[in-house]
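What follows is one structure encoded as structure tokens, with my remarks underneath.
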Amino acid sequence: AWVMYQPEFESTSLENFEITRYEEYTETQILAEISFDYIVKLKYSTETYPSKYKVIYILTDDGWKIANMENI
């Protein structure tokens, strides 16, 4: 029988988190650009994915919510 190698997932983490840009447009709207490394640890290897996002938050009756999120 043929058995394909399937890496076993162990954990994930975020490292090197940084807010690279922050602007308050109004009291209820904020823009933030964030960057971080997303680390995926598998049984036999570790993969690192550099990530950077632009996120717009708005204040609602239920608290801050993400209104828009873009990968940049």
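The values are calculated or read from the model by the stated rules, or taken from the named source; none is laboratory data. Here the structure is a predicted model, which is why all the values come from computation and not from measurement. A quick note on method: Cβ atoms are made from the backbone with ideal geometry, for glycine too, and the neighbour counts reach across all protein chains shown. Just so you know, the surface numbers come from the protein's heavy atoms only, side chains and all, with ligands and any DNA or RNA stripped out. Shrake-Rupley method; radii C 1.70, N 1.55, O 1.52, S 1.80 Å.
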Can you give the direction-averaged projected area of the convex hull of the alpha-carbon atoms in the chain, in nm²? 7.4
Could you point to the residue in 31, 68, 58 farthest towards the positive end of the chain's charge dipole, with +1 and -1 charges on the Cβ of Lys/Arg and Asp/Glu respectively? 68
Reachable aspartates and glutamates from residue 52, criterion Cα separation under 15 angstrom, eight or more residues apart if same chain: 15, 18, 33, 37, 70
Restricting to DSSP loop positions (anything but H, G, I, E, B) with no more than 11 other Cβ atoms inside 10 Å of their own Cβ, which chymotrypsin sites (Phe, Trp or Tyr not before Pro) remain in segment 8-66? 44
Which aspartates and glutamates have a Cα lying under 12 Å from the Cα of residue 43, excluding residues fewer than 8 positions away in the same chain? 8, 10
Excluding ligands, DNA and RNA, what is the solvent-accessible area per residue of the chain at a probe of 1.4 Å, expressed in Å²? 80
Enumerate by residue number the GluC sites (Glu not before Pro) in the chain meeting two conditions: DSSP loop (anything except H, G, I, E, B), and at most 10 other Cβ atoms within 10 Å of the site's Cβ. 8, 27
Relative contact order, percent, segment 9-72 [alpha-carbon distance under 8 Å, six or more residues apart]: 28
Out of 51, 35, 13, a Gaussian network model of the chain with alpha-carbon springs under 10 Å gives the largest mean-square fluctuation to 13
If you keep only loop residues by DSSP, which trypsin sites (Lys or Arg not before Pro) in the chain have at most 15 other Cβ atoms within 10 Å of their Cβ? 43
The ³J(HN,Hα) series, computed from each phi in segment 67-72 with the Karplus coefficients 6.51, -1.76 and 1.60 at θ = phi - 60°, rounded to the nearest Hz and given as x for glycine or proline, is 8, 7, 9, 10, 7, 10
Per the rule of 0.36 nm per residue minus the C-alpha distance, extending residue 62 to residue 39 adds in nm 5.2 nm
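Probe radius 1.4 Å, ligands and nucleic acids ignored: give me the carbon and sulfur share of the accessible area of the chain as a rounded percent.
Working: 2960 of 5800 Å².
Of all accessible area on the chain, carbon and sulfur atoms account for 51 percent.
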